[in-house]
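Below: the structure, in structure tokens.
The values are calculated or read from the model by the stated rules, or taken from the named source; none is laboratory data. What you see is a predicted model, and the numbers here were worked out from it, not measured in a lab. Note: ideal-geometry Cβ built from the backbone for every residue, glycine included; neighbour counts use all protein chains shown.
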Amino acid sequence: MAMTINAETIKRMEDEVGQETLTLLLNVFSDELEQYQRQLSEQPSIKQVREISHAIKSSAASFGADDLADMAQECESRVKQGQEAWILDHLPEFRQMVEGMAIEYKRLASHDNPVNSLF
């Protein structure tokens with residue numbers, strides 16, 4: 001699954017906070033995703049999946065990781081509905097998405113001008 005970063009969201013962030021702060025925030029977000037990926041790799045309980053999904057949902061949407069935000073919302077919703085089998089089936093995909101986006105945001109932060117690298 002190819003995941004993209006919503007360039008318009010990143011551009012808005014840069015307009016609000018400036019390029020230097022944007023780079024810092026992209027690194028922080030990437031680090032958070034790496035932490036969540038590690039937690040998801042350690043056979044988390046269903047409750048932990050819900051908590052991680054909830055945390056990722058909001059931050060991913062704020063950072064333009066729309067596909068990841070959608071998947072996190074779906075995971076959180078399925079947990080609330082008691083669909084543990086669905087969670088177990090889709091946990092590897094969710095974990096891969098988190099890992100992939102952590103890499104993408106770290107790469108984005110490494111550019112001299114992150115916004116221009118998206119266009």
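Just a few scattered comments:
- Test for Glu74: is it touching a residue at least 24 places away in the same chain (Cβ under 8 Å), among the charged types (D, E, K, R) and in contact with a helix residue (DSSP H, G or I) (Cβ under 9 Å, 6 or more places away or on another chain): no
- When we screen Ala2, Ala85 for residues that are out of contact with any helix residue (DSSP H, G or I) (no Cβ under 6 Å at 6 or more places or on another chain) and modelled with pLDDT under 95, the only hit is Ala2.
- Here the condition is being of a type in the set (Gly, Ala, Ser) and at pLDDT below 95; of Ser41, Ser30, Ser58, it holds for Ser58 alone.
- Residues of region 31-65 classified as surrounded by fewer than 18 Cβ atoms within 10 Å (Cβ to Cβ), closer than 21 Å to Ile10 by Cα and acidic (Asp, Glu), total: 2
- Test: residue in region 89-111 that is in a helix (DSSP H, G or I), over 25 Å from Asn27 (Cα atoms) and modelled with pLDDT of 95 or more: yes
- Every residue from region 1-30 that is over 18 Å from Asp66 (Cβ atoms), surrounded by fewer than 15 Cβ atoms within 10 Å (Cβ to Cβ) and under 14 Å from the mean Cα position of the chain (by Cα): Val28
- Set Arg12, Arg38: member being under 11 Å from Arg95 (Cα atoms), among the charged types (D, E, K, R), in a helix (DSSP H, G or I) and without any contact (Cβ under 8 Å) to a residue 12 or more places away in the chain: Arg38
- Qualifying residues in region 66-79 (those that are closer than 27 Å to Pro114 by Cα and hydrophobic (A, V, I, L, M, F, W, C)) - the one surrounded by the fewest Cβ atoms within 10 Å (Cβ to Cβ): Ala69
- Filter result for Ile52 (assigned to a helix (DSSP H, G or I), at pLDDT 95 or above and over 15 Å from Glu104 (Cα atoms)): yes
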